[in-house]
Amino acid sequence: MPVDTSGLSAARAALADVPREPGAPKPDAIVVADNVVRRFGGLTAVDVDHVEIQRGVITALIGPNGAGKTTFFNLLTGFDRPQSGEWAFNGRSLANVPAYKVARMGMIRTFQLTKVLAKLKVIENMRLGATGQRGERFLPGLLGMWRSQEHEITEKADALLERFLLARLRDDFAGTLSGGQRKLLEMARALMADPELVMLDEPMAGVNPALKQSLLGHVKSLRDEGRTVLFVEHDMDMVRDISDWVIVMAQGQVVAEGPPDSVMSDQRVIDAYLGSHHDQDLSEDVVEEIHEKAAAEVAADDEATDKDA
C-alpha cells in the first residue's frame, strides 16, 4: 500500500503548536470527549473533563496502574457506559452506540488479553473480522450470493497474514498460537474492517522480545498508511520510540499532554507515577521517625486485641 508521507508529515507537524496542557485542542481531532465520568460504587474510575485525539498520528495513553486507561478505552468503544459525558468520532456522537456499531464506523480496538477464537483456525478468525458480509443476511445467504465476496475476503485475509508473518500458521487453530502471535493475529484481524482509528490496549503485554520489534514496526505502519493509532502502554521505551503525542492519566483524570520527551520530564507525570512526595529527603532521622510511627501503630493494635480477648 503506498504511503502518503505528505499527509503524515502534515498531521505530525500540526502538533507543534498544540499547548502542552491537559485537554489541549487539536487542529484535526478524530475523537473528542467531554465530561466523561464512570463510577463503580464509591470509586470514580474515569473523570475526563476534555480530551481530543489528533487524526493521522500515534497517540499514547499512559499512566500508573489504576489510572483508568482501559476503562476509558471501554467507554469510548461502547464496551461500557459512563454515568455522564459526551464523546464523538468524526463528529458523530457515540453515546449509547453499541460496540459493534462503533466498530462498523471505523473505530476498532484490541484487548490487553487477546480475544482470538481459540477453536477456529487462524484464517477463520481473520474472515470473521471483515464487515458487511452478505452471508450474514438471510436472503443472500440462502441464495449463495456470498461466494464471490468470500473469495475476496479470503484473499485479503491471506495478504494480511503474509504482512504480519502469520501465513505459515494460516490453518493452525488460534488456540495453539503464542501470546505474541495472538497479538499479531488480533491486530491483523482488526485491519480486515479497514478501520480509520485503531486502538491498542497494551499491545506489548506478554510479548517476548523477539516479537516486540515486529509489533513496533506494524504499529508504525498503521500510521504510515494514514490511520490514526491510540494505544495504552506501560513500556516507556515503546512510548518514546513510536508515539507522536502522549496523554497521561492519573486517578481517572488527564493530568498532562505533550510530545514524549516533554511529558516524561513533566513534574505532574513524575508525581503521578511516584507520588507527590517522592522527592522527600529520606535522611536517617526521617527513616527512624517512620519506623517509630509504624511500631506505635502495631503496639496500639496489639493492645486493642488484648482488650477484646
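Things worth noting here:
- Each residue of segment 88-99 is assigned a 3J(HN,Hα), and the resulting list reads 9, 10, 6, x, 9, 4, 10, 4, 6, 8, x, 4 Hz, derived from the Karplus form 6.51 cos²θ - 1.76 cosθ + 1.60 (θ = phi - 60°), x at Gly and Pro.
- Counted charge near S221, where neighbours are those whose Cβ lies closer than 11 Å (Asp, Glu -1; Lys, Arg +1): +2
- Taking the number of Cβ atoms within 10 Å of each Cβ as an exposure proxy, the fewest-first ranking of H234, H151, H218 is H151, H234, H218.
- Residue exposure sequence - Y100, Y273 - by fewest surrounding Cβ within 10 Å: Y100, Y273
- Span from the segment 37-110 Cα centroid across to the segment 212-246 one, whole angstrom: 19
- Taking amide H atoms as placed 1.01 Å from N in the peptide plane, the amide H of A250 lies under 5 Å from those of V255, each 5 or more residues away in sequence or on another chain.
- Pairwise Cα separations in segment 146-201 fall into 5 Å bins from 0 onward with the following percentages, short to long: 4, 17, 28, 24, 18, 8, 2.
- Note on segment 192-237: percent of Cα-Cα distances in each 5 Å bin, starting at 0 and stopping at the bin with the largest distance, equals 5, 19, 31, 26, 14, 5.
- Counted by Cβ distance under 13 Å from L113, the other residues give a net charge of +1, where Lys and Arg count +1 and Asp and Glu count -1.
- Fewest-first sequence of E150, E155 by Cβ atoms within 10 Å of each Cβ: E155, E150
- Taking other residues whose beta carbon is less than 15 angstrom from the beta carbon of L166, and scoring Lys, Arg as +1 and Asp, Glu as -1, yields +3.
- Cα shape, segment 170-250, gyration tensor, a/c 1.5 rule: oblate
- Its Cα gyration tensor gives segment 60-135 an equivalent ellipsoid; the semi-axes, largest first and in whole Å, are 25, 19, 10.
FYI, it's all coordinate maths here, none of it is from the lab. Please read these numbers as outputs of a predicted model, since none were measured by experiment. Positions of Cβ are generated from backbone atoms using ideal geometry, with glycine treated the same way; all protein chains shown enter the neighbour counts.
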